[in-house]
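Here is the structure we will look at.
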């Protein structure tokens, strides 16, 4: 079974995000970029499936400018077999636009399973996996905390408000990874060197016969308001009064 994993390039989660002085966007100058953490978990799970014998090949795909090759190579160093770069200079693609591009890649690659992160930490939309499944008309499971391939099915345990829910999906299927699915491995230097020799194919929206359009127009970015200092109160009654009359949350 072939597993296809989609990854996104985002600001590293350890970096404190800065806003440009003109409030047009986030400042990316000299900022460390990484694979979206949930996408990294999806890559790790696909490699584990290959190591267990449930998968025969792991293909990583990413959409964006030339810089996304760095994240594809990171996924290859983690154990993926080959990469696909969908080249586009557009950086404000909507979840639907990404899903449409991925759907065409899936149709060409014909994987048995598609893994994605449940959401990206920059836009936090949590849309692409669901939209991709709808476009493909495939079964889907979101927020996966456990995944096991059993013959022609994949059994997925997902986290819901009431606890855990277990689904059995007929393959091919789309699954989005949650935080507790696994812990990504540490990538060693020899694996990074080997990744440079792994195949990386390039395509484009035009080659995929997809005109994604952005669907999104960024109006502005503003930093959150600075947190004000706290105050001490003498009693519970005073606390309730502050919450009601000053903070106005009661």
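Where a number appears in this text, it was derived from the coordinates with a stated rule and is not lab data. None of the values given here were measured: they were computed from a predicted structure. Because the Cβ atoms are built from the backbone with ideal geometry, glycine has one as well, and the counts that use them run over all protein chains shown.
Miscellaneous remarks
- Here's the picture: a label point sits 7 Å out from the Cα of residue 185 along the beta-carbon direction, and within the stretch 34-52 the residues with their amide nitrogen under 13 Å of it are 43-52.
- Label-to-label distance, residue 233 versus residue 218, with points set 7 angstrom from Cα along the beta-carbon direction: 4.1 nm.
- Length-normalised contact order of the stretch 2-224 in % [C-alpha pairs under 8 Å, at least 6 apart]: 27 percent
- Shape of the stretch 126-178, Cα gyration tensor, a/c cut at 1.5: oblate
- Overall form of the stretch 70-155 per C-alpha gyration tensor (a/c, 1.5; a/b vs b/c): rounded
- Once divided by 2.2 N^0.38 Å, the Cα radius of gyration of the chain becomes 1.17.
- Max mean-square fluctuation residue, GNM over the chain, Cα-Cα springs under 10 Å, options 84, 231, 35: 231
- Stretchable slack from residue 109 to residue 13, in nm (0.36 nm times residue separation minus alpha-carbon distance): 31.5 nm
- Overall form of the stretch 1-52 per C-alpha gyration tensor (a/c, 1.5; a/b vs b/c): prolate
- Simple label model, 7 Å out from Cα along Cβ direction - residue 23 to residue 134, nm: 3.3 nm
- Considering only beta bridges that DSSP places wholly inside the stretch 2-224, some 40 percent are antiparallel.
- Estimated [θ] at 222 nm from DSSP helical runs (n ≥ 4, -39500 (n - 2.57)) normalised by residues in the chain, nearest 500: -7500 deg cm²/dmol
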